[in-house]
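In what follows, a structure is listed as structure tokens, so that the remarks can point back to it.
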Amino acid sequence: MIDPSTLPALHASHGGVWLRIDGDTRALAKGAAIGRAAETPMLLLNAPLAGQRLGYPELNGLDLLELWAFVHPARFLVPTPKGLAQALDLPLPASEAAIPALLQQAAGVLLDRLAPEADWPEREGAWTAAQSLARLRWPWAALVAPRIARPREAEKWLFSRLPEWEEAAPRPPARPVRLDDAAVRDRLDLLTGHGAEARTGQRDYAIAAAATFAPRAARDRPNMLLAEAGTGIGKTLGYLAPASLWAQQAGGTVWISTYTKALQRQLDRETLRLFPDPAVAARHVVVRKGRENYLCLLNLEDALQGGFAGRAAILAQLVARWAAYSKDGDMVGGDLPGWLPTLFRRNGSTALTDRRGECIYAGCPHYRKCFIERAARASANADIVIANHALVMINAARGREMGQRPDRIVFDEGHHLFDAADSTFAVILSGQEAIELRRWIIGPEGKARGRRRGLSARLSDVAGYDTEGGEAIAAAARAAEALPGDEWLKRIAAGDPFGPVERLLAAVRATVLARAADNGEGDAGYGLETELAQPDGPLVEAAQEAATALDALLRPLTRLARRLEAVIEDAPDWLDGAARARVEGAIASLGWRCDLIAAWLALLARIGGPADPDHVDWLAVDRVEGREYDIGLHRRWLDPTRPLADVVLKPAHGVIVTSATLRGGGEWDNADRRSGALHLPGPVARFAAASPFDYGAAAQVLIVTDIKRGDMAAMAAAYARLIEAAGGGTLGLFTAIRRLRIVHARIADRLARAGLPLYAQHVDPMDTGTLVDIFRDDPRASLLGTDALRDGVDVPGDSLRLVVMEGVPWPKPSVLHGARRLAAKDEGGGGAYDDRIIRARLAQAFGRLIRRAGDRGIFVILSAAMPSRLLSAFPPDVAVRRAPLDEAILAVAAAQDESLHGGLGLATPIVHQGQESATADREKE
């Protein structure tokens with residue numbers, strides 16, 4: 001067998017390129033490294049990232065991350081040399097030049113674990129997978145397959161390993177109970193640990209939260225609490241205590257809703273305090289996400305049986321290895337390594353989930369083992385369901401799906417409730433949306449047409465046994481031919497649209513390009529939009545034709561839904577249990593697609609008709625770096641908390657909306673407007689607890705006054721100098737991807753030479769979760785990102801000690817923002833509306849800095865235009881100072897020096913929040 005220590009190993013970073021071969025490590029130029037890698041398979045760690053560093057995106061080889069995914073599926077690994085060394089208990093490399101030797105050592109350790117005598121928990125199924133991977137010419141197969149002994153008996157592999165879910169009787173309605181304050185405090189003590197230091201704010205928070213679980217007094221009047229709990233209060237355990245106690249006493253389910261997957265993972269871990277045994281915890285606590293997050297076993301089977309080719313087929317085999325050991329089959333934010341799909345350039349990963357709603361339910365041979373169905377049934381009898389805002393709203397909107405309409409809800413990260421409602425209740429009639437509907441009805445076009453897809457295939461028994469149902473299916477398929485088909489965008493660009501909906505999209509595109517050009521935006525290279533007002537004749541005519549076609553589609557779908565309901569009610573002889581489940585699933589899918597088409601028709605009726613004062617309508621051409629990828633009509637609620645209140649809040653019995661920044665640096669009326677509380681018939685309770693942290697001693701805010709707006713060279717130099725002064729540990733936040741990429745390109749090599757790794761969203765070929773894991777794991781690393789990193793990133797300790805914002809996070813000018821700004825004139829004016837948004841963003845960004853007691857850090861804004869009125873976004877005792885860049889760098893360097901002694905090392909006198917120095921006043925003038 002091949003000795004891994006004899007394999008050449010390559011490491012490429014912004015700091016240089018090193019190759020180890022024949023026991024010797026040498027530095028190489030990029031061109032020479034590319035030539036060697038093209039000739040001989042190399043040991044690598046994260047080939048796409050190494051290829052990007054080399055400028056050779058096609059780089060492939062013996063990627064140790066792929067080997068890890070085979071040997072230890074569903075195990076966490078930070079995909080860096082340090083993370084690999086720690087996971088394998090190997091010495092950390094002393095320098096980047098030592099990393100190739102580490103790769104050789106790591107390969108040897110992982111391959112040794114495959115030996116017959118080794119204790120390898122994930123051995124079952126490995127021999128079968130290795131044979132399949134060898135046939136696919138996986139680069140590691142020649143080293144892996146000979147080391148795995150053939151099992152004496154046929155091994156259980158994937159589908160035979162997965163447990164079947166079981167049906168259970170519907171859960172009885174929750175009993176009305178009122179929680180005792182003493183019992184709530186006892187439960188909180190259990191969660192925090194007996195003997196832990198009592199936190200008054202956390203106890204008060206738990207008691208306030210407990211009141212929402214009391215029986216409600218009137219219909220459509222939930223017990224609602226708006227709770228702002230500063231960082232360090234411990235709000236997670238504060239609401240888990242009464243929620244778990246109520247679920248136990250009442251026999252009901254509490255839905256805890258988050259906005260980010262990171263908080264979902266954190267909550268899942270926190271509930272182990274309630275149920276330390278993971279098997280017991282799995283019965284009482286369930287994580288729920290949208291079905292597009294879960295592996296579809298039927299799609300996986302199709303991929304394994306030839307549906308995928310090349311590298312995508314290798315990915316399918318590694319995903320199959322993972323699926324056999326996964327906790328819940330969650331491919332997005334679950335225990336599938338976030339870096340695994342990126343190793344394959346995401347080739348095929350999305351096709352392994354049910355993103356098109358094509359599930360055939362009980363018609364699927366894997367229905368009884370389906371991850372999605374298992375999670376849905378487990379949540380029906382769970383005490384706590386951890387979901388996200390969108391799923392909670394969708395479940396509430398679609399009625400009691402399996403008796404699971406949420407009626408006791410905790411909205412954590414509640415400052416995002418407005419944004420979540422805005423997306424959930426939006427209507428988009430675009431080419432991408434329309435072609436997905438066509439595929440759902442007709443099935444995929446081309447070679448994939450024969451797979452088990454399309455309405456007629458999913459409901460073949462209905463079509464065969466029920467004449468009226470079969471006719472409705474056929475009529476829907478004929479009507480769906482009017483929807484855009486494959487290559488619709490090319491036809492529109494060529495001026496040759498086919499069918500009424502494509503002609504509508506062509507008219508939308510022409511209108512947007514004409515009007516956007518008038519605004520000077522036509523050649524900007526990014527998405528274009530224009531208000532849906534004063535439509536011209538061709539657009540009105542195209543809208544009428546499209547509406548006629550959509551109405552012709554809606555009629556047979558509605559008729560089919562009614563027929564399926566009648567079939568369920570009549571229960572003919574052919575309707576066995578599997579068929580019933582499939583028909584019930586089809587009824588649910590038809591229901592929301594009929595609602596979607598009806599919403600499209602309402603939007604089209606707006607064209608040429610009167611404006612709807614409750615909605616904002618606009619036309620858009622979506623582009624990325626000048627390339628068009630979608631065209632459509634958009635509709636949003638002017639105030640999305642209105643449907644939120646009607647659909648989600650009023651039917652509920654108890655609702656908690658909580659966040660560390662719920663008021664967004666403003667007053668309670670801001671929280672009222674953003675949570676839907678204004679639209680409830682009765683008053684809501686409020687609770688506030690300030691953070692126990694001494695922000696005055698732990699943090700300061702520096703506003704840099706001498707970086708000219710638009711001077712990218714100066715901005716990049718500022719980022720580099722600040723990161724160097726801090727010794728890494730920096731989170732850089734941008735409002736535009738283009739500026740992020742420019743800054744990264746200018747400073748990455750410079751920082752690497754100083755031993756300060758730099759990573760970036762939209763640059764490095766890794767998902768956001770993996771980038772945050774890497775950043776958290778290395779105190780000398782820095783990370784650049786956009787809005788996704790401004791909130792929901794929890795990086796305590798030395799790994800994050802400096803936050804730098806490129807400027808004031810002004811709202812992006814758009815049709816939607818302009819309409820809401822205008823509507824806010826009665827609430828203090830459009831400027832006040834903008835200020836509320838900016839304060840909230842600043843508060844969220846500052847909240848990344850101090851996460852635990854003992855954290856220290858500096859928050860820097862590279863903009864002299866920062867208005868004083870916005871400084872209330874920061875905690876009142878935080879020092880705020882305007883200073884030129886040189887002074888800011890001295891302060892950051894001093895803070896870095898002093899951090900070991902618990903101080904911030906403020907180099908010069910400070911100007912407290914709300915005050916301005918005379919110098920700053922003169923600079924502004």
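What do you reckon, is Arg53 surrounded by fewer than 17 Cβ atoms within 10 Å (Cβ to Cβ), outside the structural domain of Arg750 (by TED's automatic domain parsing) and out of contact with any Gly (no Cβ under 6 Å at 6 or more places or on another chain)? Break it down stepwise before answering.
Working: surrounded by fewer than 17 Cβ atoms within 10 Å (Cβ to Cβ): no; outside the structural domain of Arg750 (by TED's automatic domain parsing): yes; out of contact with any Gly (no Cβ under 6 Å at 6 or more places or on another chain): yes.
Spelling it out, it is not the case that Arg53 is surrounded by fewer than 17 Cβ atoms within 10 Å (Cβ to Cβ), outside the structural domain of Arg750 (by TED's automatic domain parsing) and out of contact with any Gly (no Cβ under 6 Å at 6 or more places or on another chain).
All but one of (1) modelled with pLDDT under 90; (2) more than 21 Å from Gly696 (Cα to Cα); (3) within 23 Å of the chain's Cα centre (by Cα) hold for Arg851; which doesn't?
Among (1) modelled with pLDDT under 90; (2) more than 21 Å from Gly696 (Cα to Cα); (3) within 23 Å of the chain's Cα centre (by Cα), Arg851 violates only (2).
Just the residues that are part of a strand (DSSP E or B), at pLDDT below 95 and under 23 Å from the mean Cα position of the chain (by Cα), please, taken from region 616-654.
Scanning region 616-654 gives Asp622, Arg623, Val624, Tyr629.
Go through (1) in contact with a Lys or Arg (Cβ under 8 Å, 6 or more places away or on another chain); (2) surrounded by fewer than 16 Cβ atoms within 10 Å (Cβ to Cβ); (3) outside any loop (DSSP other than H, G, I, E, B) one by one and return the number of the condition Ile207 breaks.
Checking Ile207 against (1) in contact with a Lys or Arg (Cβ under 8 Å, 6 or more places away or on another chain); (2) surrounded by fewer than 16 Cβ atoms within 10 Å (Cβ to Cβ); (3) outside any loop (DSSP other than H, G, I, E, B), the one that fails is (2).
Which of the residues spanning region 20-65 are more than 21 Å from Pro93 (Cα to Cα), assigned to a loop (DSSP other than H, G, I, E, B) and either touching a Cys at 6+ places or on another chain (Cβ under 8 Å) or free of Cβ contacts under 8 Å to residues at least 60 places away in the same chain (or both)?
The answer is Ala29, Thr40, Gly55, Tyr56, Pro57, Glu58, Leu59.
Scan region 744-765 and give yes if some residue there is part of a loop (DSSP other than H, G, I, E, B), of a type in the set (Val, Ile, Thr) and either on the phi < 0 side of the Ramachandran plot or not assigned by TED's automatic domain parsing to the domain that holds Ala895 (or both), otherwise no. Please lay out each step first, then the result.
Pass one, region 744-765, residues part of a loop (DSSP other than H, G, I, E, B): 754-757, 761-765.
Filter again for of a type in the set (Val, Ile, Thr), leaving 763.
From what's left, either on the phi < 0 side of the Ramachandran plot or not assigned by TED's automatic domain parsing to the domain that holds Ala895 (or both): 763.
The answer is yes, given that some residue of region 744-765 is part of a loop (DSSP other than H, G, I, E, B), of a type in the set (Val, Ile, Thr) and either on the phi < 0 side of the Ramachandran plot or not assigned by TED's automatic domain parsing to the domain that holds Ala895 (or both).
Could you tell me how many of the residues in region 773-814 are under 16 Å from Thr260 (Cα atoms) and in contact (Cβ under 8 Å) with a residue 60 or more places away in the chain? Full working, then the answer.
Initially, region 773-814 is screened for residues under 16 Å from Thr260 (Cα atoms), giving 773, 785-795.
With the extra rule that they be in contact (Cβ under 8 Å) with a residue 60 or more places away in the chain, the set shrinks to 773, 791-795.
Result for region 773-814: 6.
Counting only residues that are closer than 18 Å to Trp255 by Cα and surrounded by 24 or more Cβ atoms within 10 Å (Cβ to Cβ), which one in region 227-241 is farthest from the chain's Cα centre (by Cα)?
It comes out as Ala241.
Look at Thr705 and say whether it is crowded, with 23+ Cβ neighbours inside 10 Å and polar (S, T, N, Q).
Values: crowded, with 23+ Cβ neighbours inside 10 Å: no; polar (S, T, N, Q): yes.
Taking the combined requirement at face value, the residue does not satisfy it.
Checking Ala142 against (1) under 19 Å from Met1 (Cα atoms); (2) part of a loop (DSSP other than H, G, I, E, B), which single condition isn't satisfied?
With (1) under 19 Å from Met1 (Cα atoms); (2) part of a loop (DSSP other than H, G, I, E, B) applied to Ala142, the lone miss is (2).
Where residues in region 582-613 are of a type in the set (Val, Ile, Thr) and closer than 16 Å to Ile428 by Cα, which of them is surrounded by the fewest Cβ atoms within 10 Å (Cβ to Cβ)?
Among those residues, the one meeting the criterion is Ile597.
Looking only at region 658-707, count how many residues are farther than 25 Å from Ala420 by Cα, part of a loop (DSSP other than H, G, I, E, B) and touching a strand residue (DSSP E or B) at 6+ places or on another chain (Cβ under 6 Å).
Total meeting the criteria: 1.
Would you say Ala688 is over 22 Å from Arg882 (Cα atoms) and either surrounded by 17 or more Cβ atoms within 10 Å (Cβ to Cβ) or of a type in the set (A, V, I, L, M, F, W, C) (or both)? Walk me through how you get there before you give the answer.
Details: over 22 Å from Arg882 (Cα atoms): yes; either surrounded by 17 or more Cβ atoms within 10 Å (Cβ to Cβ) or of a type in the set (A, V, I, L, M, F, W, C) (or both): yes.
Here the answer is yes, as Ala688 does meet what is asked.
With the checklist (1) among the aliphatic types (A, V, I, L, M); (2) in a loop (DSSP other than H, G, I, E, B); (3) surrounded by fewer than 21 Cβ atoms within 10 Å (Cβ to Cβ) in hand, flag the one item Leu114 doesn't pass.
Failing condition for Leu114: (3).
The values are calculated or read from the model by the stated rules, or taken from the named source; none is laboratory data. Because the structure is a prediction, the values reported are computed rather than measured. Note: ideal-geometry Cβ built from the backbone for every residue, glycine included; neighbour counts use all protein chains shown.
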